[in-house]
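The values are calculated or read from the model by the stated rules, or taken from the named source; none is laboratory data. None of the values given here were measured: they were computed from a predicted structure. Positions of Cβ are backbone-derived with ideal geometry, glycine not excepted, and every protein chain shown enters the neighbour counts. Just so you know, the surface numbers come from the protein's heavy atoms only, side chains and all, with ligands and any DNA or RNA stripped out. Shrake-Rupley method; radii C 1.70, N 1.55, O 1.52, S 1.80 Å.
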Amino acid sequence: MIRLCGREDNREVLRRTSGQPMVGVLCRMHWEMLGENPRLPHRFYFVGDEALLKLSGGRATLCGTVQDADELGAFLRFAAVSQMTALDFFPPGWHLIETNSLLLRPAGLPHDTTAVPLPGKIDTFPPAEEVLSVLESADGPITPQVARDFLYADLNARRNHGKACVYGIRKAGRLAATAGLWALSGAEGYVACVETRPDSRRQGYATALLQQLCKDFKNRTLCLICRGELVEYYGRFGFGKTGRLGLISVTQ
């Protein structure tokens, strides 16, 4: 059975997201934001007895174990969901887009104090448009435009609700690199969008930003996802591999 969650379900929502690395903190963050602003485009559904599904436009995030994969697959199609992030779950008719390593950094772990020379101070609140510009410098334009608009609005909403903290470093006045906690909930944080403009790489910018984040949020358990070849790099900051996370898409 799949049913829409209401505010009276708060305790059960928190139970189903606990112990779910990365997907749990993302769902709890948006659940908390929705409680403050019901107009936000996030909807939550209980799936069976253990799973929680978050819908945001055409994307979904799944926490927990699903007993009836056929039912969920049909529901996702009805809701026009095209992509979903989940831990080891594949509804019928879906295929794997990519698999990334899931890393955790325990709360209270000492941070790396090695100094990294920088041309300027860390910007603790760069404008969202500049952050997206850095991301696009590496991976190309975020398309379609509606996806970019959603990401822009979502980042601003997260920061306005105290659910995200994004840092940056400038070079000659232009934002050259960015990294941040794109989801904050309780004692957890999700590190994402660690990126440097191609012409500013290998100058220690990303390292400096990650060091600062680990220092400023040392009392939180931090998680991130990355490609396999980057596991060793993030290990320098105390992140250890704890599993895999899949991004799946509906087969056309």
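Structure above, values below:
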read-out	value
Near pairs, Cβ below 9 angstrom, 6+ apart or cross-chain, from segment 222-235 (within 15 Å of Glu195 (Cα to Cα)) to any residue that is in a helix (DSSP H, G or I) and of a type in the set (Phe, Trp, Tyr)	Leu224/Tyr234; Cys226/Tyr233; Cys226/Tyr234
Qualifying residue in segment 132-140 (condition: acidic (Asp, Glu) and open to solvent by less than 70 Å² (accessible area, probe 1.4 Å))	yes
Subset of segment 99-125 that is of a type in the set (D, E, K, R) and modelled with pLDDT of 80 or more - its residue that is least open to solvent (accessible area, probe 1.4 Å)	Arg105
Glu129 vs. criteria open to solvent by 60 Å² or more (accessible area, probe 1.4 Å), at pLDDT 95 or above and not in a strand (DSSP E or B)	yes
Set Arg170, Arg197: member being touching a residue at least 12 places away in the same chain (Cβ under 8 Å), open to solvent by 50 Å² or more (accessible area, probe 1.4 Å) and not small (Gly, Ala, Ser)	Arg170
Hits in segment 201-252 (condition: of a type in the set (S, T, N, Q), modelled with pLDDT of 90 or more and open to solvent by less than 30 Å² (accessible area, probe 1.4 Å))	Thr207, Gln211
Single unsatisfied condition, Leu52 versus (1) open to solvent by 60 Å² or more (accessible area, probe 1.4 Å); (2) touching a helix residue (DSSP H, G or I) at 6+ places or on another chain (Cβ under 9 Å)	(1)
Phe46, sole failed condition from (1) at pLDDT 85 or above; (2) farther than 21 Å from Ala153 by Cα; (3) open to solvent by 40 Å² or more (accessible area, probe 1.4 Å); (4) of a type in the set (Phe, Trp, Tyr)	(3)
